[in-house]
Every structure is written in C-alpha cells, then in structure tokens.
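Take a look at the structure below.
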Amino acid sequence: MGENRERRRARRQPRGLLRKDEILAAAGTLFAEVGYDKATTNLIAAQAGVSPGSLYQFFPNKEAIAHAYAAAATAQLQRVYDTILSPEVIALPLPSFLDVFIDALVAFNRAFPGYLALSVASTISSPLGLALADLRRGIMGRLDALFEARWPAMPSKERRLRGLVSYRLFLALLPLALEGPEDDREAVVGEMKAVLFRYWEPSTGGEPPADMPASGPPAPSAPW
C-alpha cells in the first residue's frame, strides 16, 4: 500500500507543479495589468482558471505568491545574465553588445511582466521589500562589473554614476517596450539602444580593451 501511495503522489506532482506555474504566470500578468497593490488572491485564481481553494493549496496569501514569483523571475534572470555578460558578448563592438544586452533584458521582462510591477509596489511587506532592495543593489553591481570589464580605465565613481543613470533610463523606457502594438514596442527598443549608445560611447571610446581578461566580469549576487 505504501508503494501505491508513492506512485500516486509521483503522478500528482507534475500536475501540481504545472498548476503552481500557472498561478505564478497569472499573478505576473495581474501584477503588470492592475499593479501588485490591487491584485488579490481571488483575481489571481480567476486569471489562472482555478478556484481560490486550489490556489490556497499552494500559496497561503498574495505575499507568498509574490515571493515565489520574484524567486522564479530572479532565477531566470540569472541564467540570462550568464549569457549576456559572458566574455564573448562583452567583447562585442558596442552596437552589437547593446543588441544582445537590451534584447535579452526586454525579452525577460516580457516573459515576467510582473517583475517591474513588484519593484514599484507600495504595499509589500518588509521581507519582500528587503528582497527587492537587495535586487536593486545587485543591479548596480551588475552594471559596475560590466563597465569595469569593458572600460577598466573608467574611475569607479563614474562607473557607479553611469550605472545608476543607465538603469533609470532603461526603467523609464521599459513600460513603453512592454505595451502597445508590436511595431511601437520594437521602435522603443531601438530607441533604448540608441540612447544608451550615445550615453556610453563618447567618454568610453565605444570598444572594450583588446586585453580584456578572458574570465569576464565577476558575477554579483543579484541581477538586473
């Protein structure tokens, strides 16, 4: 009998994992559409096509859903960064680098539309707020590592300032790259690349040094 129970539990697990992913995807959609503050567990359940009772089998409240969603998004973003901050990509000419860098980050935010909404929510709990603050610090670390790898002669103070301004520019344009007709969204992505190219290129010379270390930049603890 014990073996039968184990087999039944094993058959249920894939369905349970799929249902959990569906709930998280529905939550991300709602966070993006109505904001985290206005999203409720009932709305998330309806968006996912499950009953509130089924939702509570996986998550006790909206806060737990947000934590799980942020964790899943962060894990995926780490994988994205493994690619776009590889030595081969960093060594590309600046226009080609920006194509890879911006396209990957925009694609991630389209796949996880609620990620940006969580970062601007006003009713999150202290634990989630602290986790998001850690992520924002990680953003600065990522950009600082990128600038140091491409342009090691740039003073650290300038790297930090350029990282902060670059991040704010990206955030300002990101909602336009996630909404509206596809042609408009793609045009905004093109403008993102143009803005960052014009901001980065004049004082950096545009290209990474020929003797950039093969190991690439160190990986900070949290991603953009």
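The numbers here are math on the coordinates, done by the rules we state, and not lab data. Here the structure is a predicted model, which means the values were calculated and not measured. Cβ coordinates were reconstructed from backbone atoms using ideal geometry, including for glycine residues, and neighbour counts include every protein chain displayed.
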Between the alpha carbon centres of region 132-172 and region 34-77 the gap in Å comes to 31
Normalised Cα Rg of region 67-204, dividing by 2.2 N^0.38 Å with N its residue count, works out at 1.06
With L161 itself left out, Lys, Arg at +1 and Asp, Glu at -1 over residues whose Cβ is under 12 Å from its Cβ give +3
Residue separation between T40 and K157 times 0.36 nm, minus their alpha-carbon distance, gives in nm 37.9 nm
HN-Hα couplings for region 104-109 via Karplus (6.51, -1.76, 1.60; θ = phi - 60°), in whole Hz with x for Gly/Pro, come out as 5, 6, 5, 4, 4, 5
Sequence order, region 82-99: Karplus ³J(HN,Hα) from phi using 6.51 cos²θ - 1.76 cosθ + 1.60, θ = phi - 60°, Hz rounded, Gly and Pro as x, gives 4, 8, 7, 10, 6, x, 5, 6, 4, 7, 5, x, 3, x, 5, 4, 5, 4
The aspartates and glutamates whose Cα lies under 14 Å from the Cα of K157, excluding any fewer than 8 residues away in the same chain, are D144, E148
At q = 0.16, 0.19, 0.23 Å⁻¹, the log10 of I(q)/I(0) for region 47-132 from a Debye sum over equal Cα scatterers comes to -0.76, -0.92, -1.12
